[in-house]
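J.: Please see the structure below; I have some questions.
The values are calculated or read from the model by the stated rules, or taken from the named source; none is laboratory data. Worth saying up front: this structure is predicted, and the values here are computed from it rather than measured. Cβ sites come from the backbone with ideal geometry, for glycine too, and all protein chains shown count toward neighbours.
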Amino acid sequence: MSELRASSISSRKGNSPRLPDGVVVTGVTTSTSFSGNLTGNVTGNIIGNVTGNVNGNIIGTAGTFSGNVSIGGTLSQEDVTSIDSVGVITARNGIKVSAGQSISAVSGIVTYYGDGSQLSGIEHGVVNFVASGTIANGATVIINADGTVSVVSIESASIGSAVTFETGQVSYPSAAYDSANNRVVIAYKDNGNSNYGTAVVGTVSGTSISFGTPVVFESGETNFISATYDPDEEKVVIVYTDGGDSDKGKAVVGTVSGTSISFGSLVEIGTNFRSFGATYDTNSNKVVIAFQDQGNNVGKGVVGTVSGTSISFGTAVQFNSGEVSDVVSTFDSSNNKVVIAYRDQGNSGHGTAIVGTVSGTSISFGSETVFETSAIQYTQNIYDSGNGKTNIFYMDGGDSDKGKAVIGTVSGTSISFTTPEVFYDTAVISALSAVYDSNASKSVIGIRGASAYGYAIPITSDGSSFSVGSSTVITTNAYGPSATSAFDSDQKKVVFAYYNPDESDKGKAQVYNAPSTNLTTENYIGIAAEAISNGATGKINVVTGTNIGQTGLTTAKSHYIQNDGSLSTSAGDPSVVAGTAISDTKILVRKS
């Protein structure tokens with residue numbers, strides 16, 4: 001074989017030479033570029049572009065691709081920063097995700113096929129919320145109107161500033177709440193205006209109250225005023241004694257419009273009446289008035305029917321054969337009965353009550369029942385709708401003028417009572433009002449107590465006994481011996497009205513917010529999955545979530561939220577289910 005040795009070879013025209021039969025090179029081939037197919041192994045670096053197919057293996061220590069790489073077969077690698085696959089990725093030895101990282105869908109959802117029994121570390125039923133106030137791990141929480149969450153708790157009592165509703169001397173105030181107009185109406189004797197019967201409309205906002213202009217309903221001496229509200233006719237009914245007309249018992253119907261009130265014609269009930277107690281029977285849609293017939297020295301009851309701006313009465317029916325005073329009445333909507341309480345002057349002033357049944361325009365009575373065997377005064381009775389009971393409050397003149405209370409249970413046409421309980425014994429009580437706060441589920445009592453101050457006392461009942469809460473000072477000025485109260489169900493506040501002896505007996509009113517839970521049947525959101533600082537964002541176990549921050553639960557039992565946020569197997573008021581215990585430390589969150 002011949003051998004050709006040359007330092008360079010070029011074509012005649014200076015182009016690259018053509019070798020149609022091929023070239024076999026056993027040494028090193030150096031080229032600035034290469035065009036065409038390359039068959040065989042290439043060892044070393046390829047700098048530049050490779051265009052076309054490469055059949056066989058490419059083995060190297062590193063490779064950099066600035067564009068996309070498409071692989072039709074299997075890609076095997078030791079490490080890779082990220083993989084964007086349009087098909088299925090099969091990981092033979094698992095997928096490991098660093099701490100704090102996540103597997104998620106760019107959009108839509110991630111679907112897992114299987115029963116999920118081998119999945120762990122997944123948060124289910126957990127939502128992040130901003131805390132309003134500090135929240136402990138495991139605490140029951142509510143959602144607020146602004147989207148934050150707070151611990152279920154009992155809010156403290158508060159009292160607003162005193163507002164004058166009458167600059168003249170006031171006596172016999174009586175308040176009623178107009179639920180159609182969300183207004184409080186206070187009727188009173190205006191001693192500064194010829195003792196005329198007068199009424200004023202109050203509007204509650206928060207813990208404040210404002211008043212319209214007082215309106216006269218009786219241009220004569222007006223005593224023993226009692227006001228009630230007819231929700232069917234949406235009218236206020238005021239009954240009183242007309243001292244300028246032979247002490248006749250009279251009634252008038254008031255219509256509230258805005259911050260004012262107008263009245264229909266005066267209607268006579270009878271002669272020589274006093275000590276009125278008016279209530280409304282929502283079963284018969286009638287006004288029931290209990291009173292002392294001073295001419296005959298007996299207690300009587302009469303039924304009134306409101307029509308438009310007038311009222312008519314049936315025949316008065318006697319319920320007591322002796323003189324009565326401190327007459328008050330309420331309606332028991334559980335039993336559809338009227339309960340009248342009074343001081344029985346013919347029986348040593350004993351505290352006595354009787355049940356009345358309305359039929360048409362008449363009323364019939366059962367037998368009298370004594371609830372206090374000593375002389376009483378300042379009697380008040382209210383209906384506890386939470387327990388379906390009548391609560392009677394009074395001053396016990398036979399026991400150092402202490403404030404006492406009994407719980408009455410109506411059965412048919414009779415009533416039975418619990419043993420009297422003391423609710424105030426710090427000083428002599430010389431005024432008393434009572435109203436039921438359905439928002440706080442408490443009876444709220446207003447008294448003239450120590451140092452002649454006014455005090456608000458919240459009292460809770462379970463239907464068989466009382467629990468007395470802490471008193472709140474209404475006023476450190478003198479609290480008049482005559483006072484009244486009403487519950488504004490729209491603002492969920494109690495309004496106290498009284499006269500102030502330290503300010504020439506001016507009429508005053510104040511708004512009281514009873515201690516009550518912030519829990520409702522709607523605002524429960526779940527249980528805190530961790531401790532959350534005020535203003536911080538934290539995890540809340542919501543419905544279907546499981547909270548593990550509990551102790552002392554009863555497994556397989558529903559647990560209810562109590563007013564203070566604690567959990568119990570007994571329903572609270574309101575009745576709100578927190579969830580079902582799946583162990584003594586875990587609860588599955590659910591709602592009623």
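J.: Quick check on this structure: which one of 480, 526 is at positive phi, buried (at least 22 other Cβ atoms within 10 Å of the Cβ) and of a type outside the set (Phe, Trp, Tyr)?
T.: Unique residue meeting the criteria: 526.
J.: Any idea which of 189, 250 is among the charged types (D, E, K, R), assigned to a strand (DSSP E or B) and either out of contact with any strand residue (DSSP E or B) (no Cβ under 7 Å at 6 or more places or on another chain) or under 19 Å from residue 302 (Cα atoms) (or both)?
T.: Residue meeting the stated conditions: 250.
J.: Then there's this: Just give me the residues in the stretch 360-408 being hydroxyl-bearing (Ser, Thr, Tyr) and without any contact (Cβ under 8 Å) to a residue 40 or more places away in the chain, in sequence order.
T.: Of everything in the stretch 360-408, those that are hydroxyl-bearing (Ser, Thr, Tyr) and without any contact (Cβ under 8 Å) to a residue 40 or more places away in the chain turn out to be 373, 374, 400.
J.: So which pairs qualify, if the first residue must be in the stretch 159-172 and more than 23 Å from residue 260 (Cβ to Cβ) and part of a loop (DSSP other than H, G, I, E, B), the second must be polar (S, T, N, Q) and at pLDDT below 95, the Cβ gap must be under 7 Å, and the two must be at least 6 apart or on different chains?
T.: none
J.: How many residues are assigned to a strand (DSSP E or B) and under 11 Å from residue 515 (Cβ atoms) when one looks only at the stretch 433-456?
T.: Result for the stretch 433-456: 4.
J.: Among the residues of the stretch 402-428, count how many are part of a loop (DSSP other than H, G, I, E, B), surrounded by 18 or more Cβ atoms within 10 Å (Cβ to Cβ) and not aliphatic (A, V, I, L, M).
T.: Within the stretch 402-428, residues that are part of a loop (DSSP other than H, G, I, E, B), surrounded by 18 or more Cβ atoms within 10 Å (Cβ to Cβ) and not aliphatic (A, V, I, L, M) number 2.
J.: Based on what the data block shows, is residue 457 among the hydrophobic types (A, V, I, L, M, F, W, C) and either surrounded by fewer than 21 Cβ atoms within 10 Å (Cβ to Cβ) or out of contact with any Ser or Thr (no Cβ under 9 Å at 6 or more places or on another chain) (or both)?
T.: When the stated conditions are applied, residue 457 does not pass them.
J.: Going by what's in this entry, would residue 288 be described as more than 40 Å from the chain's Cα centre (by Cα), β-branched (Val, Ile, Thr) and surrounded by fewer than 24 Cβ atoms within 10 Å (Cβ to Cβ)?
T.: Against the criterion (more than 40 Å from the chain's Cα centre (by Cα), β-branched (Val, Ile, Thr) and surrounded by fewer than 24 Cβ atoms within 10 Å (Cβ to Cβ)), residue 288 does not qualify.
J.: While we're looking at this one, here's another question. Looking at the structure I just gave you, is residue 241 in contact with a Lys or Arg (Cβ under 8 Å, 6 or more places away or on another chain) and in contact (Cβ under 8 Å) with a residue 24 or more places away in the chain?
T.: So residue 241 passes the test.
J.: Kindly indicate which of 206, 244 is modelled with pLDDT under 95, under 27 Å from the mean Cα position of the chain (by Cα) and of a type outside the set (Ser, Thr, Tyr).
T.: 206
J.: Can you tell me which residue among 319, 291 is touching a residue at least 40 places away in the same chain (Cβ under 8 Å), more than 19 Å from residue 252 (Cβ to Cβ) and in a strand (DSSP E or B)?
T.: Exactly one of 319, 291 is touching a residue at least 40 places away in the same chain (Cβ under 8 Å), more than 19 Å from residue 252 (Cβ to Cβ) and in a strand (DSSP E or B), namely 319.
J.: Would you say residue 543 is farther than 30 Å from residue 449 by Cα and modelled with pLDDT of 95 or more?
T.: Yes; evaluated as a whole, the condition is true for this residue.
J.: Working only within the stretch 567-592, note down all residues that are over 18 Å from residue 544 (Cβ atoms) and in a loop (DSSP other than H, G, I, E, B).
T.: 569, 570, 571, 572, 573, 574, 575, 584, 585
J.: Six or more apart or on different chains, Cβ atoms under 7 Å: show the pairs whose first residue is in the stretch 347-359 and among the polar types (S, T, N, Q) and whose second is outside any strand (DSSP E or B).
T.: 347/322; 352/368; 357/413
J.: Go through (1) under 15 Å from residue 230 (Cα atoms); (2) modelled with pLDDT under 95 one by one and return the number of the condition residue 286 breaks.
T.: (2)
J.: Filtering the stretch 319-376 down to residues that are buried (at least 24 other Cβ atoms within 10 Å of the Cβ) and among the hydroxyl-bearing types (Ser, Thr, Tyr), which residue is nearest to the chain's Cα centre (by Cα)?
T.: Among those residues, the one meeting the criterion is 330.
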